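Data first, discussion second: the structure below is written as structure tokens.
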Amino acid sequence: MLRTPSAVREAERHTAHNYHPLPVVVSSAEGAWLTDVDGRRYLDCLAGYSALNFGHRHPQLIEAAHAQLDRLTLTSRAFIHDQFADFCRELAELCGKDLVLPMNTGAEAVETGIKVARKWGYQVKGVAPGQANIVVAEGNFHGRTTTIVSFSTDEDARADFGPYTPGFTVVPYGDLAALTAAIDENTVAVLLEPIQGEQGVVIPPEGYLPGVREVCTERNVLFIADEIQSGLGRTGATFACDLEGVVPDMYLLGKALGGGIVPVSAVAANSDVLGVLKPGQHGSTFGGNPLACAVATEVVRLLATGDFQRRSAELGERLKAGLEALLGKGVVAVRVRGLWAGVDIDPALMTGRQACERLMERGVLAKDTHGSTIRLAPPLVITADEIDHAIAQLAAVLAG
């Protein structure tokens, strides 16, 4: 008797329905493959929304976690532990910044970035108290806290969670003229995803990010890049901003930083920005804990080799070619950067959810978003043959 149906029912019995997961119950994983409670294997083409860039149970990361578990797991930031300095220094070097502030989740990193930008605006730029505003983009996804959903344009994320936090101006994504016009004397930051992941891997027009960088510099406004999904090797570069030679004032990092083992996020910026924070003004009991730092330091060291960025770029070309071959065969649009793709299915054929359910039946796991779009973000350890396999299964699904 299959265990999956009863396991799905039990999972639903005592949980709030904030997600609509595919009916697969995973029990083990390694590399780019998952195994469910019935022993069936699946190729993981979601990688925990980029949290598993280095695959499931990467040996170097697992070894670091095991070693740290035997010594020290938590101190709180009331004390300094022996993993903290290496992590902060090596991540700062990877980002080309002076300072790092470790947190836990991506949403915490975004909240930290917002607080730092406002404080910088008041203390450095000279914005009048209580008047700071931040320019954001339509279609954004930066998390689900009450402040963050206050500037979301996704009604599922936003509706019935008011009253909303003020201080944000929303402009069309990719529209540099609209962004420039929205900046005023009280603007302290522009907060953007270099590529909008949740929206369906939406890539801005060429020149947009350099234009944002230029206008932020001219108007004395911080450019905050949310690289929580797009960063750390996913797009064929360390950061998606690198693809256009852009250096933001602040990086927001998360997901892959924890190696698929522990939640780790961080804000990286120079001392003239992050230095506005003083003791007692912001913090987290678990942020920068020893276990997190031990794992995340190894993540940074993997990235420092450049191997994963090159692999993502090279295999991304294969993924792009395979997906573009499906245009007109059930696919109406494809957007690819490295090993990250948004695939728009012909809505007359099926929904994104239906496509993902049928892929699941064929042993490939992906996730839909916004109706007819599916996202592919396999671990960076995936092989060329496995990419071909995933594309072949999608082709079979589309062919019916």
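The numbers here are math on the coordinates, done by the rules we state, and not lab data. On a predicted model such as this, the values are computed, not experimentally measured, just so you know. Cβ atoms come from the backbone with ideal geometry, glycine included; neighbour counts cover every protein chain shown.
Could you please state, rounded to a whole Å, how far the C-alpha centre of region 333-376 is from the C-alpha centre of region 82-125?
Between the Cα centre of region 333-376 and that of region 82-125, the gap is 34 Å.
Placing +1 at every Lys and Arg Cβ and -1 at every Asp and Glu Cβ, with all other atoms neutral, what dipole size does the chain have around its Cα centre, in debye to the nearest 20?
Magnitude of the dipole: close to 540 debye.
Can you put 385, 242 in order, fewest other beta carbons within 10 Å first?
Working: 385 8, 242 16.
Lowest count first: 385, 242.
Mind telling me which of 127, 264, 110 comes out most flexible in a GNM of the chain, alpha-carbon contacts under 10 Å?
In this elastic network of the chain, the residue with the biggest mean-square fluctuation among 127, 264, 110 is 127.
Under 10 Å, Cα contacts only: if you run a Gaussian network model on the chain, which one of 265, 284, 152 comes out with the highest mean-square fluctuation?
The residue with the greatest mean-square fluctuation here is 284.
At q = 0.09 Å⁻¹, work out log10 I(q)/I(0) for region 72-304 with the Debye formula, treating every Cα as an identical point scatterer and leaving solvent out; two decimals please.
-0.34
Any idea how far the Cα center of region 269-291 sits from the one of region 22-44, in Å?
Centre-to-centre (Cα) distance: 37 Å.
Kindly put 122, 19, 173 in sequence by how many other C-beta atoms sit within 10 Å of each C-beta, fewest to most.
In order of increasing Cβ crowding within 10 Å: 19, 122, 173.
May I ask which residue of 366, 16, 304 lies farthest towards the positive end of the charge dipole of the chain, with charges of +1 (Lys, Arg) and -1 (Asp, Glu) on Cβ and the Cα centre as origin?
Of the options given, the answer is 16.
If neighbour count is taken as other Cβ atoms inside 10 Å, put 305, 383, 145 in order from fewest to most.
Working: 305 9, 383 13, 145 16.
So the residues, fewest neighbours to most, are 305, 383, 145.
Loop-only GluC sites (Glu not before Pro) in region 105-204, please: DSSP not H, G, I, E or B, and at most 10 other Cβ atoms within 10 Å.
On the way: sites: 108, 111, 138, 155, 185, 198; in loops: 138, 185, 198.
Within region 105-204, no GluC sites (Glu not before Pro) qualify (loop, at most 10 other Cβ atoms within 10 Å).
Apply 1/(1 + (r/R0)^6) to the Cβ-Cβ distance of residue 385 and residue 93, taking R0 = 35 Å, and write down the FRET efficiency to the nearest 0.05. Mind dumping the intermediate values first?
On the way: r = 35 Å, r/R0 = 1.01.
About 0.50, to the nearest 0.05.
Evaluate E = 1/(1 + (r/R0)^6) for residue 157 and residue 218, where r is the Cβ-Cβ distance and R0 equals 30 Å; express this FRET efficiency to the nearest 0.05. Mind dumping the intermediate values first?
On the way: r = 32 Å, r/R0 = 1.08.
After rounding to 0.05, the efficiency reads 0.40.
Counting other Cβ atoms within 10 Å of each Cβ, which trypsin sites (Lys or Arg not before Pro) in region 39-92 have at most 15 and sit in a DSSP loop?
Working: sites: 40, 41, 57, 71, 77, 89; in loops: 40, 57, 71, 77.
For trypsin sites (Lys or Arg not before Pro) across region 39-92 that sit outside H, G, I, E and B with at most 15 neighbouring Cβ atoms in 10 Å, the list reads 40, 71.
Under 5 Å between amide H atoms, partner at least 5 residues away or on a different chain: which partners does residue 137 have, H built in plane at 1.01 Å?
Amide H neighbours of residue 137, under 5 Å, 5+ apart: 171.
Describe numerically, in nm with one decimal, the distance between label points set 7 Å from Cα along Cα→Cβ at residue 164 and at residue 186.
Distance between the two pseudo-spin positions: 1.7 nm.
So, with +1 on the Cβ of K and R and -1 on the Cβ of D and E, and no other charges, what is the size of the charge dipole of region 1-136 about its Cα centre, to the nearest 20 debye? Present the calculation step by step, with values, prior to reporting the outcome.
Values: 14 positive and 15 negative charges, 103 e Å.
Around 500 debye, computed over region 1-136.
Of 125/278; 97/320; 115/255; 97/125, which pairs sit farther than 23 Å apart, going by alpha carbon to alpha carbon?
Over 23 Å apart, Cα to Cα: 97/320.
With just the Cα atoms defining each centre, how far is region 191-232 from region 293-327? Give it in Å.
Comparing the Cα centres of region 191-232 and region 293-327, I get a distance of 20 Å.
Of the residues 256, 333, 51, which exhibits the maximal mean-square fluctuation in a Gaussian network model of the chain defined by a 10 Å Cα contact cut-off?
The residue that fluctuates most here is 333.
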